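We did not get these values from a lab; they are worked out from the coordinates using the rules stated. This structure is a prediction, so every number in the text was calculated from the model and none was measured. Virtual Cβ from ideal backbone geometry, glycine too; neighbours counted across all protein chains shown.
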Amino acid sequence: MIIVNFASGALFFLFYYPPTFHEKFHNRSPMQQLKKFDYVGTVLFVGGFLVFLLGLSWGGSVYPWKSAHVIATMVIGGIITIVFVLWECYANLEEPLLPIHLFKNFAWVVACILLGLGASIYYAMAVVWPQMVAVLYTDDGGASMSAASLSCASSIMINVGQIIAGFLAEPIGKTKIQCIAVLTIGGALLGAIAAATPDTKSLATGLIIVSCFFIGWNESVCLSNSGIELLDQREIGTAIGASAPQSTSPSSPIEVPDALLEAGLPASSVPAFLAGLTTSSFDGIAGLNDGILAVGMRAYRFANAHAYSTVFYTTIAFTGVALILSFFSPNVDDKMTGQIAVTLHKGEQNDIVVDEKA
């Protein structure tokens, strides 16, 4: 990742020449632009989401879900977010942070929701899949290079799907059909990972690779649609920016002790073994031998597999919603023209697309 980021930064430095302020804002001074910025909306948006996500991240890990810390932060964050929406609706803003009228464009809203659902899968798999690899499919906790490479499969394949769709989606055409097809395949295969066990490494790997590829394809199509479906193409930057932002342990104490006791470990040593699963140290546990250790670790892997299956069953709900919405996504073949909607630098001839009807 460091190498990729360095290469990207170098390419931006060498080949990206953005317009100057005066080229982009011909009749405004920097001070005039600063005065028009929606500072109140920015504070409400950032503050509301920050507090809400803080409570969401605390729940079930730092504090119980029913604790005051979690409930208070999520409620306060939600209220601030509602205030932000009301501010954007009723404040007399020349340049609002989030133009509410964008949400009247149903095709744009569908593209944004599909894009957000894809992004949620990207970030979820970036956490869940490496954990699965470390617990189910390696003996070193994911420390080896092969485990590290396998852990990258979900993120890499979503990016590969985005890149390939960037080249092929327009020549293939019928983006609505593309969204329906890739979400059907990607959602079904992603949900099928719920059947994965410690003995099905190849199956799980194949499913994650193919499913994430198609989820990435959908991301590329919907990101383009979120800009193409604007009624006023001068708002393309704001619209795409608005569209882009978007526990497994409980099974172990149930399944592992039964397997340990059946293998012959004294009941008094079970708590020490469970503690060793966290510290990766099993030294000094009375009655533990290599055979019992192998049985316990296998039971631990299967317990985690059962817990992870719940995660993948949950993805069916998200991809199911996405699949339903995909039937309302637009075909944009008629808008794939050579017209320039927004220019970085003023050329000799520019066809500006403004107020085009969807």
Taking the Cα centre as origin and putting +1 on Lys and Arg beta-carbons and -1 on Asp and Glu beta-carbons, what dipole magnitude results for the range 13-98, to the nearest 20 debye? 120 debye
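Below 8 Å, C-alpha to C-alpha, sequence gap of six or more: please give me the relative contact order for the range 13-98 in percent.
Once normalised by length, the contact order is 34 percent.
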Please compute the net charge surrounding Asp38, taking Lys and Arg as +1 and Asp and Glu as -1 over other residues with Cβ under 12 Å from its Cβ. -1
For the range 17-23, take each phi angle, set θ = phi - 60°, evaluate the Karplus expression 6.51 cos²θ - 1.76 cosθ + 1.60, and give the result in whole Hz per residue in order, putting x for glycine and proline. 10, x, x, 6, 4, 6, 6
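Just rank Arg28, Arg301, fewest to most, by other beta-carbon atoms within 10 angstrom. Mind dumping the intermediate values first?
Values: Arg28 14, Arg301 19.
In order of increasing Cβ crowding within 10 Å: Arg28, Arg301.
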Count charges around Tyr137 for me, please; just the other residues with Cβ under 14 Å from its Cβ, Lys/Arg as +1, Asp/Glu as -1. 0
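Among the listed pairs Lys176/Lys201; Lys36/Lys176; Lys104/Lys174, which have their C-alpha atoms separated by more than 27 angstrom in this model? Don't jump to the answer; show the numbers that get you there.
Numbers: Lys176/Lys201 34 Å; Lys36/Lys176 38 Å; Lys104/Lys174 23 Å.
The pairs that break the limit, which is 27 Å between Cα atoms, are Lys176/Lys201; Lys36/Lys176.
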In Å and whole numbers, how far do the C-alpha atoms of the range 43-173 stretch along each principal axis, longest first? 58, 52, 19
Over the Cα atoms of the range 13-98, each weighted equally, I'd like the Debye log10 I(q)/I(0) at q = 0.25 Å⁻¹, rounded to two decimals. -1.08
If neighbour count is taken as other Cβ atoms inside 10 Å, put Ile180, Ile172, Ile292 in order from fewest to most. Ile172, Ile180, Ile292
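What ranking do Asp290, Asp199 get, fewest neighbouring Cβ atoms within 10 angstrom at the top? Display every interim value, and only then the final one.
Details: Asp290 7, Asp199 13.
So the ranking, lowest neighbour count to highest, is Asp290, Asp199.
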